[in-house]
Structures are given as structure tokens and as C-alpha cells.
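I have placed the structure first, in the form of C-alpha cells, so that the comments after it can refer back to it.
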Amino acid sequence: MITKSTVFVLGAGSSVDFGYPLGKSLVDIIIQDLGPENNKNSISLFNGFGFSEEELSLFREQLINSVFPSIDSFLEHRNEEERNLGKIAIANAIIPSRASK
């Protein structure tokens, strides 16, 4: 029995069993969400946070052409505004995963 306050730190892989995407799969979902063929609900979400369609398109193109294996490593090399866009994109990508479980 654990008698002291304890924190467990789990790696990202621990969320796979709960339906959350990781690594390349998460990047692919974000690319799809930001694509012109996507429904306008995602685009209007980003617009609501002050991002233009041009900014979304540029971010998407940079992510497509990135050599980084994950969205986290991609965002490490971005400015604050792009990191904020990326955080919204991550949330937008993983929320449907949770809702489907």
C-alpha cells in the first residue's frame, strides 16, 4: 500500500491504449485537419483564436516538409505564435480520439 503522496510519470506511449494518436499519426491528423479539404469547423476554430487561413496553410506546409518525427519536436523550433497554433492543433486532433472511446 502506498502511504505517501505519489506521482507516476508515464511516457506518451501509455496513451495509445486509450485511442490517442502518437508521433507520425498525430502529425498526419494535424496535417489533414489543416488541409483545404477538411470541413470548415476546424478552420473556424483556428480563426476564432486569431489565426488566418494563410497562417494555417503556411504552418501546414512547414509541417509537411519537416524532418522532425513528432509535432513536439517540430514546435520546439517555432516562434511563440506558431507554438500556440500547434498546441491548438494538438488539442483539436486528440479531443475526437477521447470522445470516441
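The values are calculated or read from the model by the stated rules, or taken from the named source; none is laboratory data. In this text, all values refer to a predicted model and were calculated from it rather than measured experimentally. All Cβ positions, even for glycine, are placed from backbone atoms using ideal geometry, and neighbour counts span all protein chains on display. The accessibility values were calculated without ligands, DNA or RNA, using every heavy atom of the protein model including side chains. Shrake-Rupley method; radii C 1.70, N 1.55, O 1.52, S 1.80 Å.
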Might you let me know whether the stretch 20-31 holds any residue that is at pLDDT 80 or above, hydroxyl-bearing (S, T, Y) and surrounded by 10 or more Cβ atoms within 10 Å (Cβ to Cβ)?
yes
Considering each of F68, F51 in turn, give the residue that is assigned to a loop (DSSP other than H, G, I, E, B), aromatic (F, W, Y) and over 28 Å from F18 (Cβ atoms).
F51
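Taking the residues in the stretch 32-43 that are closer than 24 Å to P69 by Cβ and not in a helix (DSSP H, G or I) as candidates, determine which candidate is modelled with the highest pLDDT. Steps first, please.
First pass over the stretch 32-43, keeping only residues closer than 24 Å to P69 by Cβ: 32-35, 38, 42.
Filter again for not in a helix (DSSP H, G or I), leaving 34-35, 38.
Values: L34: 90, G35: 87, N38: 72.
Within the stretch 32-43, the match that is modelled with the highest pLDDT is L34.
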Has the stretch 59-73 got any residue that is more than 14 Å from the chain's Cα centre (by Cα) and open to solvent by less than 50 Å² (accessible area, probe 1.4 Å)?
yes
Among F59, F46, the single one that is in a helix (DSSP H, G or I), aromatic (F, W, Y) and modelled with pLDDT of 95 or more is F59
If you check R83 against the conditions, is it at negative phi, assigned to a helix (DSSP H, G or I) and either open to solvent by less than 100 Å² (accessible area, probe 1.4 Å) or among the hydrophobic types (A, V, I, L, M, F, W, C) (or both)?
yes
Candidate set from the stretch 1-19 (those that are of a type in the set (G, A, S) and under 26 Å from S66 (Cβ atoms)); member that is surrounded by the fewest Cβ atoms within 10 Å (Cβ to Cβ)
G11
Where the second residue is surrounded by 12 or more Cβ atoms within 10 Å (Cβ to Cβ) and small (G, A, S) and the first is assigned to a helix (DSSP H, G or I) and lies in the stretch 9-20, which pairs have Cβ atoms under 9 Å and are six or more apart or on separate chains?
A12/G23; A12/S70; S15/S97; F18/S97
